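Below is one structure, written out as structure tokens; the observations come after it.
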Amino acid sequence: MKFYIVKKDSRLAAIPAQESILNEYKERGFEFVEVIAACDESDALSRTTPSVNGYKKWLIYPTTLVILSLIAIIFAIN
């Protein structure tokens, strides 16, 4: 069975792949992400791409870089 993955803020939902249901979700402010073939809704959500699931991962690298830079500056001053 095919499911549409829709997203609103950080919340994901899997809905049956029917245009009428998708349009109802779009009216509520959800945006379409992708189509996935799965057994049920929970399986569809588990099959989503990592970029959909881990949208905050991009914060880890710049934060680590800033912290390491501050440590290097502190040691360079001393």
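The values are calculated or read from the model by the stated rules, or taken from the named source; none is laboratory data. This is a predicted model, so every value here is computed, not measured. Cβ sites come from the backbone with ideal geometry, for glycine too, and all protein chains shown count toward neighbours.
Applying a threshold of 6 Å to beta carbon distances and a minimum spacing of six or more residues, or different chains, the list of pairs starting in region 35-58 at a residue that is outside any helix (DSSP H, G or I) and at pLDDT 90 or above and ending at one that is surrounded by 11 or more Cβ atoms within 10 Å (Cβ to Cβ) and among the charged types (D, E, K, R) reads VAL35/LYS2; ILE36/ARG47; ALA37/LYS2; ALA38/ARG47. Consider region 1-26 and keep the residues that are part of a strand (DSSP E or B) and touching a residue at least 40 places away in the same chain (Cβ under 8 Å). The one that is nearest to ALA38 (Cα to Cα) is PHE3. Within region 5-22, the residues that satisfy the criterion of being surrounded by fewer than 10 Cβ atoms within 10 Å (Cβ to Cβ) and at pLDDT 90 or above are GLU19, SER20. Of the residues making up region 23-52, those that are more than 11 Å from the chain's Cα centre (by Cα) and surrounded by 16 or more Cβ atoms within 10 Å (Cβ to Cβ) are TYR25, PHE30, ILE36, ALA38, ALA44.
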